[in-house]
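The values are calculated or read from the model by the stated rules, or taken from the named source; none is laboratory data. Values in this document were obtained by computation on a predicted structure and should not be read as measured data. Ideal geometry is used to build each Cβ from the backbone, glycine not excepted, and the neighbour counts take in all protein chains shown. What goes into the accessible areas is simple: the full protein's heavy atoms, side chains included, and nothing from ligands, DNA or RNA. Shrake-Rupley method; radii C 1.70, N 1.55, O 1.52, S 1.80 Å.
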Amino acid sequence: MDKLDLRKKAVNLRKQLGEDAVSPIDIFASAFLIPHLSVVYYPMGEHLSGMCVKDGKNCVIAVNSSMTLGRQRFSMAHEYYHLFYDKACFTAICAKEIGEGKEKEADQFASYLLMPPDALAEQLNRIQKAGSERLLLEDIVQIEQHFQISRHALLHRLLEEGNLTEEEAEPMRQNITLSAVNLGYPDTLYKPMPKEKQYGTYGYYIQQVDRAMDLGLISSGKYEELLLAAFRDDLVYGEELEGGKMFD
């Protein structure tokens with residue numbers, strides 16, 4: 001695995017998405033900048049984290065919405081690797097656990113995309129300047145909240161780069177949500193989406209259905225059928241929406 005190449009790929013994709021080299025990235029919002037990409041949120045159980053399907057210029061990324069927000073963000077970044085850089089693969093079904101080959105590369109890429117090396121170094125330098133000789137639990141929580149990354153992904157990166165020992169990391173794997181809440185942070189990062197929000201399709205698919213309706217290519221019944229198949233009851237029944245359709 002060429003980590004330098006993966007770092008360069010992560011930097012290049014950040015530029016392509018209009019992001020700078022160090023700021024936290026809104027990985028979900030960035031999906032709307034990618035042409036012909038549809039994003040599906042769906043609870044996939046305990047073992048899968050997501051999948052990427054490419055069919056010509058159209059593509060779909062699915063994210064396991066029953067996992068924590070931190071894990072979902074990592075999964076989205078992981079699938080970006082398959083979308084942009086895994087040229088030989090047209091369908092990638094990705095397990096939760098770290099794999100080998102392209103899956104391992106995709107995990108490393110996701111880590112660099114969400115938490116660029118220079119940005120992580122800035123955070124570690126700030127902690128050292130504050131007088132900490134070693135990373136404390138409160139430092140770990142602050143870093144993961146800053147980058148909106150899961151505890152597992154952060155500890156893995158810090159261990160990999162020699163910023164933590166296994167002995168130091170082990171107690172930090174316990175009571176993850178409570179450790180953040182006790183420091184005054186919200187628990188959002190450590191929870192899945194609410195069950196009523198765990199099903200949904202966004203992006204290109206919805207835009208195309210809306211466009212087909214506007215052009216008179218499909219009936220209103222077909223329009224509703226396509227939206228319901230994409231778990232977008234809100235667009236059919238007007239739930240939690242104001243001002244009509246979501247897309248112009």
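For the stretch 40-61, the criterion of a residue being among the charged types (D, E, K, R) and closer than 22 Å to residue 155 by Cα is satisfied by at least one position. Within the stretch 34-49, being small (Gly, Ala, Ser) and either assigned to a helix (DSSP H, G or I) or surrounded by 15 or more Cβ atoms within 10 Å (Cβ to Cβ) (or both) holds for 38, 49. Regarding residue 138, is this residue assigned to a helix (DSSP H, G or I), among the charged types (D, E, K, R) and open to solvent by less than 60 Å² (accessible area, probe 1.4 Å)? Answer is no for this residue.
Conditions (1) more than 18 Å from the chain's Cα centre (by Cα); (2) within 22 Å of residue 178 (Cβ to Cβ); (3) modelled with pLDDT under 95; (4) in a loop (DSSP other than H, G, I, E, B), marked per residue:
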| position | (1), (2), (3), (4) |
| --- | --- |
| 72 | no, yes, no, no |
| 79 | no, no, no, no |
| 86 | no, no, yes, yes |
| 144 | no, yes, no, no |
| 155 | no, yes, no, no |
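Taken over the stretch 20-33, the criterion of being open to solvent by less than 20 Å² (accessible area, probe 1.4 Å) and in a loop (DSSP other than H, G, I, E, B) is satisfied by 25, 27.
To keep it simple, each residue is scored yes or no on (1) of a type in the set (Ser, Thr, Tyr); (2) assigned to a helix (DSSP H, G or I); (3) within 20 Å of the chain's Cα centre (by Cα).
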site: 193; (1), (2), (3): no, no, yes
site: 201; (1), (2), (3): yes, no, yes
site: 211; (1), (2), (3): no, yes, no
site: 217; (1), (2), (3): no, no, no
site: 224; (1), (2), (3): no, yes, no
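Among the conditions (1) part of a helix (DSSP H, G or I); (2) open to solvent by 30 Å² or more (accessible area, probe 1.4 Å); (3) under 21 Å from residue 147 (Cβ atoms); (4) not polar (S, T, N, Q), the only one that residue 5 does not satisfy is (3).
For the stretch 173-227, filtering for residues that are within 25 Å of residue 148 (Cβ to Cβ), open to solvent by less than 40 Å² (accessible area, probe 1.4 Å) and not hydrophobic (A, V, I, L, M, F, W, C) leaves 6.
Name the residues in the stretch 8-19 that are surrounded by 14 or more Cβ atoms within 10 Å (Cβ to Cβ) and not in a loop (DSSP other than H, G, I, E, B), would you? Walk me through it before giving the result.
Step one: of the stretch 8-19, the residues surrounded by 14 or more Cβ atoms within 10 Å (Cβ to Cβ) are 9-11, 13-14, 17, 19.
Once the filter is applied, which keeps residues that are surrounded by 14 or more Cβ atoms within 10 Å (Cβ to Cβ) and not in a loop (DSSP other than H, G, I, E, B), the stretch 8-19 yields 9, 10, 11, 13, 14.
Out of everything in the stretch 116-140 that is among the aliphatic types (A, V, I, L, M) and over 27 Å from residue 14 (Cα atoms), what residue ends up being modelled with the lowest pLDDT? Once the filter is applied, the top-ranked residue is 130.
Return yes or no: is residue 17 hydrophobic (A, V, I, L, M, F, W, C), farther than 30 Å from residue 141 by Cβ and out of contact with any Asp or Glu (no Cβ under 9 Å at 6 or more places or on another chain)?
Numbers: hydrophobic (A, V, I, L, M, F, W, C): yes; farther than 30 Å from residue 141 by Cβ: no; out of contact with any Asp or Glu (no Cβ under 9 Å at 6 or more places or on another chain): yes.
No.
Pairing each residue of the stretch 165-188 that is in a helix (DSSP H, G or I) with any residue that is small (Gly, Ala, Ser), provided the two are 6+ apart or on different chains, yields C-beta distances under 8 Å for 172/179. Could you check the stretch 1-37 and list, in sequence order, the residues that are under 14 Å from the mean Cα position of the chain (by Cα) and within 22 Å of residue 229 (Cα to Cα)? Residues satisfying the conditions are 28, 31, 32.
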